[in-house]
Amino acid sequence: MRIFRYETAAADEGRTVKNILKSSLGLSTGLMKRLKFHQGIFLDGMPVYVNRKVQAGQCVEVRLHDEDKVQETHEAVSGPVDVMYEDEDILIVSKVAPLPSIMSARQQGDTLEVRMYHYFRDVPDYVYRPVNRLDKGTSGLMVIAKNGFAQQKLQKELHTEYFVRRYLAVAEGHLPQQEGVINLPIARETEWSVKRVVREDGKRAVTHYRVLKEGKSRSLVELRLETGRTHQIRVHLAAMGCPIVGDYVYGTETDELPGRFALHSCYVSIRHPVTGKTVEVEALLPQELEALL
């Protein structure tokens, strides 16, 4: 169980518990409803209705637990989890490729989700809460929340200055400039297709890039997402005539990278959902991608 407390001051006099939960603690409406259902909201140690007005010097307390979640039974998979940062509320892990981020009807074997359940096998009420996800063929950094409060706070900031992600890609060919911005809208190829395409009726998609190294036929490119469309980097580089090496959907599969492509999440910077401090983590380019250059 994770407990959060807010000590009221003179300026809070007359505010409701609900107002404090939303504006001061940053709780979402959905999380507040779940807390009300499970009697997880307290004032000075006693359960309280959220329309209760507070006085200065009182303690508003939130008790988070995941007993309301129906946890699936997962086969014990002891594959390694490369934890780059961990505290009471979040983890940042470096995912290998090709490894799916989550389980699905099509992904029933080894996944990062299953590995995380094994990592937390001694925590009976653990729930897997990825904040950002990576494609199976992409390696690198993922942020995982340990409770619903941390997850909803981080997801609100995903595409803001408080949640910065940078990627490294080995691309075929050479981009027209050493650095620039790719601003091309992205849409589904068809209504039910997984594949995305650049199209005028698509959603706004913006990628910032900088060329770090060039070879005879390939380039090492650093990329930063301003928006977060599905397959955004892959689609944008392919649209520039420089598909990612090994990208079997938007480029050409290669035996050099069995099961994956040359895209790596190398840097993440977030505002911690509880402390408000900046947390930065870097992950070096994997050796198999370095070898492509």
task: Give me a count of the residues in segment 134-152 that are under 25 Å from Val245 (Cα atoms) and not aliphatic (A, V, I, L, M).
output: 6
- line: A careful count of residues in segment 131-180 that are assigned to a strand (DSSP E or B), under 13 Å from the mean Cα position of the chain (by Cα) and surrounded by fewer than 20 Cβ atoms within 10 Å (Cβ to Cβ) gives 2
Segment 85-95: number of residues that are of a type outside the set (Lys, Arg), surrounded by 15 or more Cβ atoms within 10 Å (Cβ to Cβ) and assigned to a strand (DSSP E or B): 6
message: I need the full set of residues from segment 184-209 which are touching a residue at least 24 places away in the same chain (Cβ under 8 Å), outside any loop (DSSP other than H, G, I, E, B) and of a type outside the set (A, V, I, L, M), in order please.
response: Arg196, Lys203, Thr207, His208, Tyr209
Residue match in segment 181-197 (condition: closer than 30 Å to Glu214 by Cα, assigned by TED's automatic domain parsing to the domain that holds Glu256 and of a type in the set (Asp, Glu)): no
query: Any residue at all in segment 268-285 that is without any contact (Cβ under 8 Å) to a residue 24 or more places away in the chain and closer than 15 Å to Thr138 by Cα?
result: yes
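The values are calculated or read from the model by the stated rules, or taken from the named source; none is laboratory data. Because the structure is predicted, anything quoted here is derived from the model rather than measured. In this analysis, Cβ positions are derived from the backbone assuming ideal geometry, glycine residues included, and neighbour counts consider all displayed protein chains.
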